[in-house]
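Undergrad: Once you've had a glance at the structure underneath, I'll fire off some questions.
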Amino acid sequence: MTQRNTFCRRFSIGLLLVVLLGSLNPAKLRAQSPTPGLDIFAGLSVNFRDVYYYRQYDFLINLTPGFRWDMGHNWCLTGQVYIPLVNQYGNYGNGFKINNFALSKEMRWGNLHAKATAGLFSLNRYGLDLKLFLPLTHWFALEAQGGYVGWLYTDTYWRITQPDRFVGTFGGDIYLRKWNTQLRGVAGLYVYRDFGLEAEAMRHFNHTTVSLFAHWSNTYRYDVGFKVIVMLPPYHRTRRAVNIRPASNFRIAYSVMTNITANRIYNTDPEENERDGWFSRGTLQWGSHTMQPDFIINQKTTQE
């Protein structure tokens, strides 16, 4: 057995143990689990580039329908597809594409929060992923993410490779509650085999987050830019067994160098964003989760 296969086996066993231990969480965490139910949602993915002299922008706009099935006890199954509406990117943006299909489990031991995920992730990656978040104080926390992934392309012709790389990040977060400002810094080994550093300053407003970021990569050196995350209405929702709604957020990111292969890591959740982080509000009360909730959920009762 090769060293790579040995590592993959150990990582898989370790992730399975984490999930099994998480199933033994106390009743307090089980009570905070999202209410079981199926959400069907849709949004838009808007991409643009400015690389040609004869026109200012190329656009790639996708419709992004998906689903989230909260199964209870912090188990969740998610899925999402990309359907191109406008494509000026050529063959890169052609065809129906599966962007996500993954099963995840959130866990907690004391202040340590963990999320284990297996399935198909963004950036055409599939495999296993583990996220950790440890609040040390109300203003400082440590974070880590690690995954073992392969390549799975789901466009016109399906292509797949064996898992062949470990990716991950490690760093810390500072939250200044008086100004609803979050500072984040991490070092990482990324999807395209580069390593680098990330620094980001986020200002959380009502239903909106604006951030400035700077990246360094050993392959592409420096990059800077900004992001805007807007949580989408309606903000008052009734929770039913089946819910049809817009996507939870719309995200815009702009970078000066516009390199798509540096400092990149996949998302394991189709609605993952910098404002909410990796964990649900019910299990983690830190950072922007201490602000007023973006969505007020009213439970639909059987008597109604």
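Undergrad: Arrange the residues Arg239, Arg221, Arg251 by how much accessible surface each exposes, largest first, with a 1.4 angstrom probe.
TA: Per-residue accessible area, sorted high to low, gives Arg221, Arg251, Arg239.
Undergrad: To continue, here is another question. Once the piece of chain linking Val86 and Arg159 is laid out straight, how much longer is it, given 0.36 nm per residue of separation minus the C-alpha distance between them?
TA: Using 0.36 nm per residue and subtracting the Cα-Cα distance, I get 23.9 nm.
Undergrad: Continuing with this model, one more query. Starting from the Cα of Lys178, step 7 Å along the direction of its Cβ; do the same at Asn206; then give the gap between the two resulting points in nm.
TA: The two pseudo-label positions are separated by 2.3 nm.
Undergrad: Please give the length that would be gained between Val46 and Leu152 if that part of the chain were fully extended, namely 0.36 nm times their separation in residues minus their C-alpha to C-alpha distance (nm, one decimal).
TA: Length difference between fully extended and current span is 35.9 nm.
Undergrad: OK, next. Mean shadow of the stretch 100-177, computed from the convex hull of its alpha carbons, in nm²?
TA: With every direction weighted equally, the projected area is 6.3 nm².
Undergrad: Along its three principal axes, how long is the stretch 105-241 when you only count alpha carbons? Whole Å, largest extent first please.
TA: 48, 47, 34
Undergrad: Here is a follow-up. Under a point spin-label approximation (7 Å from Cα along Cα-to-Cβ), what is the Trp69-Asn111 distance to one decimal in nm?
TA: 3.7 nm
The values are calculated or read from the model by the stated rules, or taken from the named source; none is laboratory data. Quantities reported herein were computed from a predicted structural model and do not represent experimental measurements. Using ideal geometry, Cβ is built from the backbone for each residue, glycine included, and neighbour counts are taken over all protein chains shown. These accessible areas exclude ligands, DNA and RNA; they are computed on the full protein's heavy atoms, side chains included. Shrake-Rupley method; radii C 1.70, N 1.55, O 1.52, S 1.80 Å.
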